[in-house]
Amino acid sequence: MTQEVAVLGVGMHPWGKWGRSFVEYGVAAAQAALADAGLDWRDIGSIIGADTVRGGYPGYVAGATFAKALGWQGARVTSVYAACASGAQAVDTARAQILSGLADAVLVVGADAAPKGFFRPAGGDRPDDPDWLRFRILGATNPVYFGLYARRRMALHGDTTDDFAQVKVKNAAMGALNPKARYRSPVTAEEVAASAVVADPLRLLDICATSDGGAAVVLSSMEFARRHGHAEPVRIRAVSTVTPRYPNAVLDLPDIATDSAVAVDPPGETFRRSIARTAYEEAGVGPEDLSLAEVYDLSTALELQWYEDLGLCGEGEGVKLLRDGATALGGRIPVNVSGGLASFGEAVPAQAIAQVCELAWQLRGAAGDRQVAGARVGISANQGLFGHGSAVIAVR
Amino acid sequence: MVAGWFAGDGDAFRLLGTRCAACASVFFPREDHHCRNPSCGGGELEEIALSRRGRVWSYTDSRYRPPSPYVSDPELPWEPCALIAVELEAERIVVLGQAAPEVTVADLTVGMEAEVVPGVLHEDAETTWTTWHWRPTGVTA
Ligand SMILES: [Zn+2]
């Protein structure tokens, strides 16, 4: 078990389609996080930007972009690109700097201005890029992969499209309580069923939108936290950023095929499961200790998969957990009380940081109408392109 | 746009991968530089033809026109395109591909047999871009 770091401040720019620069969203989130921490920007010894490649060239060096916008003050700077896991790897980098003594207080910022419609690879002929190839040869968008996973669950576990719709209904109900969410209206199962099929069996309302947004956290050493009047801050106890183990036998974005298992049997657990297990081991807690979970519900069916991968229930029992109300607000283990990506949409470099913001608000008892009573331990989990997955465990 | 991923005509059409001479790991798309099995010291990567038939692992479709670099004629209405992930038993690998043009999701179930067939990705006045398609064989047992 590693040492803990303190979450001194959290902040977000509301998600939506605002049509402004990612810099603006990131600065707004950073200023909110600094104010929440009771710190001045000049107190920060290191800034870490979670990169976007969709904001144009400056996005590739997000750390310095945010530092300049906030006002050059000489801080150490880092930029992290890891697609959907950029935010989590930025948090991990901040933690490593704090635990190694390189910095006392670190500002982590992620923000994006997303394109309309499907995500797509950068331009040009790039047949050495698997992400380019899957679009060029197969027309395989992200929802295509979500559709494959959903259909597989239906065949293996008997999940139905009605079950998937209930995930959206649940998350929309909770997102309606969150002023930072993009979609704040309740959704009915009938509305999900009436929305257009995007990738069979998934419909428009089963799949998360693309959005603009920003999120930021201020992390520090426990000693720095005490010195600045934070006697009992929310603490990060684990950050998992594991890679898969060969052979990765589940078809993953953006690959055209799995690893072959002909020479080596697949590991006893899937990549997605290993993400959460690694975090549990580092934190010294288990799924039974959790008060809440924030997971990447890129599709409704994927949220059910996370229930099983986080160990909230046995394999194939995700739908039962949902139907029992365990994952709704007031249930045994609420999932995506923020409203999830269903209510926020994807702002890629920001969303793993936004998950940590929600954990912090919940663990402080400051989540307003969507508060999970007595929250003590929370986990966030995500997975992105190219074999990236992350989980963060926060406690109070 | 991709060289050496498939070869042959008619019943002889096959996907081509590579196999490590040291550990027998199979790679598709072909891996020509370095065996990716972390416990393998590395061997020659030899071209092999993959099994012609496998079982449907899962399937879906694209009801909306995919963005570039996918190429389609914007003058024509978009026709939903089914995609099938097929598990090849001998190679213990799952390979994603477009379904043959006449196949829709209504024709498919997880576990049914499918075979690889040559197909056309798109064509213009100068060039026809060929590809592989998965087509159910009608065998479901
Ligand atoms: Zn080998």
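The values are calculated or read from the model by the stated rules, or taken from the named source; none is laboratory data. Small disclaimer: the values here were computed from a predicted structure and weren't measured. Here Cβ is always computed from backbone atoms with ideal geometry, including for glycine, and neighbour counts include all displayed protein chains. Remember, those area values only see protein heavy atoms, side chains included, never the ligands or the DNA or RNA. Shrake-Rupley method; radii C 1.70, N 1.55, O 1.52, S 1.80 Å.
Details
- Separation in nanometres of the label points that stand 7 Å from Cα toward Cβ, at A:Lys320 and B:Thr109: 2.5
- Cα gyration tensor, the stretch A:288-338 - rounded (a/c under 1.5), prolate or oblate: rounded
- For the stretch B:51-141, a crude dipole built from +1 on the beta carbon of Lys and Arg and -1 on the beta carbon of Asp and Glu, taken about the Cα centre, is about 400 debye to the nearest 20.
- Straight-line cross-link partners of A:Lys116 among the aspartates and glutamates, defined as a Cα under 12 Å from its Cα and at least 8 positions apart when in the same chain: A:Asp212, A:Glu346.
- Relative contact order (%) - criterion: Cα under 8 Å, at least six apart; region: the stretch B:51-141: 30
- Charge dipole (debye, nearest 20) of the stretch A:156-268; +1 at Cβ of Lys and Arg, -1 at Cβ of Asp and Glu: 840
- Positive-end extreme of charge dipole, chain A - chosen from A:Ala257, A:Val106, A:Ala88 (charges on Cβ): A:Val106
- Computing FRET efficiency as 1/(1 + (r/R0)^6) for A:Ala35 and A:Thr160, where r is the C-beta to C-beta distance and R0 is 35 Å, gives about 0.15.
- Averaging Cα coordinates gives a centre for the stretch A:298-323 and one for the stretch B:30-104; these two points are 27 Å apart.
- Extension gain, A:Arg227 to A:Lys68, is 54.5 nm, computed as 0.36 nm per intervening residue step minus the present C-alpha separation.
- Here the Karplus curve 6.51 cos²θ - 1.76 cosθ + 1.60, taken at θ = phi - 60°, turns the phi angles of the stretch B:10-18 into couplings of x, 5, 8, 5, 9, 6, 10, x, 10 Hz, with x standing for Gly and Pro.
- Cα-Cα P(r), the stretch B:1-50, percent of pairs per 5 Å interval: 5, 24, 28, 19, 13, 7, 3, 1
- Descending Cα extents along the principal axes, the protein assembly as shown, whole Å: 75, 49, 47
- Average accessible area per residue (Å²) across the protein assembly as shown - probe 1.4 Å, nucleic acids and ligands excluded: 38
- Computed over chain A, relative contact order equals 25 percent, with contacts defined as Cα pairs under 8 Å that lie 6+ residues apart.
- When +1 charges are put on Lys and Arg Cβ atoms and -1 charges on Asp and Glu Cβ atoms, the dipole computed for chain A relative to its Cα centre reaches about 760 debye.
- 3J(HN,Hα) from dihedral phi, the stretch B:55-62, Karplus parametrisation 6.51/-1.76/1.60, rounded to Hz, x for glycine, proline: 10, 5, 7, 6, 7, 6, 8, 10
- Compared with the dominant principal axis of the Cα atoms in chain A, helix A:22-37 is inclined by about 60°.
- Cleavage-rule hits (GluC sites (Glu not before Pro)) in the stretch B:1-66: DSSP loop, at most 11 neighbouring Cβ within 10 angstrom: B:Glu44
- Quotient of Cα Rg and 2.2 N^0.38 Å for the stretch A:198-320, N being how many residues it contains: 1.34
- Between A:Ala373 and A:Glu288, the modelled label-to-label distance comes to 2.2 nm, taking each label 7 Å out from Cα in the direction of the beta carbon.
- Close amide H contacts of A:Ser21 (hydrogens built in the peptide plane, cut-off under 5 Å, sequence separation of 5 or more or a different chain): none are found.
- Charge dipole (the protein assembly as shown, unit charges on Cβ, about Cα centre) - positive-most of B:Ala99, B:Leu15, A:Val61: A:Val61
- Cα centroid separation - the stretch A:178-199 against the stretch B:120-141, whole Å: 36
- Furthest towards positive pole of dipole, B:Ser62, A:Leu133, A:Phe344, structure part the protein assembly as shown, Cβ charges: A:Phe344
- Cα gyration tensor, the stretch A:242-394 - rounded (a/c under 1.5), prolate or oblate: prolate
- A quarter of the convex hull surface defined by the alpha-carbon atoms of the stretch A:167-217 gives 4.3 nm² as the mean projection.
- Three principal axis lengths of the stretch B:51-141 [C-alpha, angstrom, descending]: 42, 25, 20
- Size-normalised alpha-carbon gyration radius of the stretch A:74-232, reference 2.2 N^0.38 Å: 1.37
- Computed from the alpha carbon positions, the gyration tensor of the stretch A:182-242 leads to an equivalent ellipsoid with semi-axes of 42, 15, 11 Å, biggest first.
- Value in Å of the Kirkwood radius, where the stretch A:1-116 supplies the Cα pairs that are averaged: 14.2
- Here the label points at A:Asp129 and B:Asp11, each 7 Å from Cα along the C-beta direction, are separated by 4.3 nm in the simple model.
- Close amide H partners of A:Glu346, meaning residues 5 or more places away or on another chain with modelled amide H under 5 Å apart, are A:Ala209, A:Thr210, A:Ser211.
- For the Cα trace of the stretch A:329-383, dividing Rg by the Kirkwood Rh returns an Rg/Rh value of 0.94.
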